[in-house]
Amino acid sequence: MRCFFILTVGVLLQFKVATGIWSCSEDADCTSPPGSVCREGSCVCPLGQQSVLGGTLCSDLAPYFTSPCFEDHQCYRLSNNYQCRRLPDAAEGICDCRPGHHYLRGRCWASADYGERCARDEECLGVVRDPYSMVCNSTCVCAPGYYQRQRGECRKMGLAVGDGCVLNEDCQFTGGACDQVNFRCYNVNETADILEDVSAVKMHDIAGNGQDGGVVECDAVNRCPEPYECSRFGVCLCPIGYYSAGNNCSAELSSPAAEGQCNGLLAMIVDGICTCPPNFFFDLNMRDCVRVTRRFTDSCLTDQHCHTFGAAARCGAARPPWGLRSCECDPDVAVWDPRREMCRLFAGIGEMCEVDSDCLAGELEIQCVLDPDGQGYCTCPEGLEAVGGLCLTTGLELGDACQATAECSGTLNTVCEGGRCSCMDGYQEDGDSCAPVIGGTCSVDSDCVIENTVCVQNNGSRTCQCSDSFVDYEERCWPESQGFGAPCNVTLQCTSVLGESSSCLDGRCGCSPTHHYRDGGCWRMTGLFEVCSRSSQCFLGELTDRVVCRNSLCQCDFAYPYSEELQTCTSSAAKTVASISFFVVTLIFCMS
């Protein structure tokens, strides 16, 4: 009984020692991860932080869009398709949406541009960032109250004096024009001063980085003050769609907002929603509005500043001597139209134009033809046919410049690839024609131009294949090897005869390492008393012919008994000679 008591006390003391290794009584006991504190006897990250990088670091929580982060899981409040986006070789990044997605109203959405398929309005967002400019009608189209300025660009309409605008064209009423000081529509036929002060578009300080002014602990009993909510980490955070700025929750763009909550740069409250002024653009951070460039020659810093003039406008390179930048059109897709103040996309077939250079179909400049009313429309030149937005011809031959495969009809089995009529997959150039490669379709043997190929029936179709006794390797037919030690060029010549364990070595067919040649093939070397399935596998160097597979083991043939002394298979004659020698030596020894 006394032994049992002592044993029990020892176990309890040992348990206390073991648990004490992982417990703490004060913050000074906690050294890993760095910055951890002692809480209820365990070392944990402080409130407002979480363990990252495999428990090697305590990092601030990343509760908001663009919050600093180290790992994807920190950005969980973005709902789905989120990531911690980092620059190459950078350890820290920011919470963002995955490529092909954008952030709106607290979560990431798959992005769909004008004319692309969609399932919800929130998915529709183009290069010109205004999430209200399009709605989903199976595909993304301009929203009510917006006009299509050109292909794929939807802008807010000003329908009366005093409505918001940036360009004259935004004011869609008789006599409408835009005052680019106050960003308000006015009527050029009226002289009365009806313009409001620019204070209608208020400029706010840029918001903070999204971190709380101070960490507030919470639980089921200790509730968060409005409008904060208690997070799973036991601290108060702003609700989804809002971010912390100082000691307040500010609304992101497109979120409901009360006075004092819509605090992003140039942001304003319209019908209770934090948004941007008409035809201003939404910054990627979804807190600030982008300052629009009013004149094409004004300075800019980013492409977004120039989107006043269309999606094809961009901020050009810095110019000497001061390094200033200004807007320009992407010359590959658009041309500057001073009358409409935009980078006008090259017009396609059937679209309005003024001169030939306005029109482009694929890479082909086409004609601007006037209708009876004097309006120009882009039209295919004579002899070309409009197909799928391109002006196509027919009868192009191998090597001719092309736009689409339909044009390459002058040579059989060709496609338009890299702007040239080329042989399609399964065919190769043969002079002025495309001949089938091995495996390509054929009708007769003469179609197969590769040496030693014939046209054969194969899986319901006729294809070019290597003739009998030839093997296919890298679009050539090689003769099968004559066997072990025979000349070869490629390993496939050997494996067709000797099996997969053979190879072409120094121009001769041989067995791969760890294999040996026996009975017309290459077999894995299997030693004495090792498991086997056939005698061909059994190997004993130069004495291999003395080994057989018997009872699933490689053993000596009965004609060559196994010698314990020599540990090999010996011949009966050798054993007899050895026995006689032993007898003679023994006899001599006895007689002496």
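Scanning residues 5 or more positions from residue 134 or on other chains, those with amide H under 5 Å from its amide H are 143, with H placed 1.01 Å from N in the peptide plane.
Find the eigenvalues of the gyration tensor of the Cα atoms of the stretch 526-572, then list the square roots of 5 times those eigenvalues as equivalent ellipsoid semi-axes, largest first, in whole angstrom. Don't skip to the end; give the middle numbers.
Numbers: eigenvalues 52, 19, 18 Å².
Ellipsoid half-lengths, sorted descending, are 16, 10, 9 Å.
Is there a quick way to get the dipole size of the chain? I mean about its Cα centre, with the Cβ of Lys and Arg at +1 and of Asp and Glu at -1; what is the value in debye to the nearest 20? Don't skip to the end; give the middle numbers.
Details: 40 positive and 78 negative charges, 543 e Å.
Roughly 2600 debye, rounded to the nearest 20.
Neighbours of residue 223 by Cβ distance under 13 Å: Lys/Arg scored +1, Asp/Glu scored -1, total -4. Computed from backbone phi, the HN-Hα couplings of the stretch 394-405 come to 9, x, 5, 10, 3, x, 6, 5, 8, 10, 8, 4 Hz, rounded to whole numbers (Karplus: 6.51 cos²θ - 1.76 cosθ + 1.60, θ = phi - 60°; Gly and Pro given as x).
Close amide H contacts of residue 471 (hydrogens built in the peptide plane, cut-off under 5 Å, sequence separation of 5 or more or a different chain): 478, 480. With all protein chains kept in place, the per residue accessible area of the stretch 231-283 amounts to 35 square angstrom at a probe of 1.4 angstrom. Here the accessible area is traced with a 1.4 Å probe on the protein chains. For the chain, carbon and sulfur cover 53 percent of it. Rounded to the nearest whole Å², what accessible area per residue is found for the stretch 44-154 with the 1.4 Å probe? Ligands and nucleic acids excluded, the result is 45 Å² per residue. Across the chain, the mean sequence separation of Cα contacts (distance under 8 Å, 6 or more residues apart), normalised by length, yields a relative contact order of 4 percent. Amide H to amide H distances under 5 Å link residue 386 with 392, where only residues 5 or more positions off or on other chains count and H is placed in the peptide plane. Sequentially through the stretch 69-86, phi angles give Karplus couplings (6.51, -1.76, 1.60; θ = phi - 60°) of 8, 10, 9, 4, 5, 5, 9, 4, 6, 7, 6, 7, 6, 9, 7, 8, 7, 10 Hz, Gly and Pro residues having no value and appearing as x. Working note: Karplus 6.51/-1.76/1.60 with θ = phi - 60° gives the stretch 427-440 the couplings 9, 9, 5, 9, x, 9, 10, 10, 9, x, 7, 4, x, x Hz, where Gly and Pro are set to x.
Taken over the stretch 263-368, the alpha-carbon convex hull comes to 143 cubic angstrom per residue. In whole angstrom, how far apart do the alpha carbon centroids of the stretch 488-560 and the stretch 424-456 sit? If you average the Cα positions of each part, the centres end up 40 Å apart.
Sum -39500 (n - 2.57) across every DSSP H segment of at least 4 residues in the chain, then divide by the residue count to get the 222 nm mean residue ellipticity, nearest 500. Before the final figure, lay out the partial values.
Values: 3 runs with 48 residues, N = 592.
My calculation for the chain gives -2500 deg cm²/dmol from helical runs alone.
Can you give the accessible area per residue of the stretch 460-533, in Å², using a 1.4 Å probe? Don't jump to the answer; show the numbers that get you there.
Working: 4190 Å² over 74 residues.
Solvent-accessible surface per residue comes out at 57 Å².
Against the set (1) 1.02; (2) 1.22; (3) 0.98, the structure's computed Rg/Rh (Cα atoms, Kirkwood Rh) falls on (2). A simple packing score, the average count of other Cβ atoms within 10 Å per residue, orders the peptides 57-66, 224-233 as 57-66, 224-233, with the highest score first.
Within the stretch 311-359, the trypsin sites (Lys or Arg not before Pro) that combine a DSSP coil assignment with at most 16 other C-beta atoms in a 10 angstrom radius are 339, 340.
The values are calculated or read from the model by the stated rules, or taken from the named source; none is laboratory data. In this text the structure is predicted, and so the values were computed from the model without any measurement. Cβ: placed from backbone, ideal geometry, glycine included. Neighbour counts: every protein chain shown. For the accessible areas, the whole protein counts, side chains as well, though only heavy atoms, and no ligand, DNA or RNA atoms are used. Shrake-Rupley method; radii C 1.70, N 1.55, O 1.52, S 1.80 Å.
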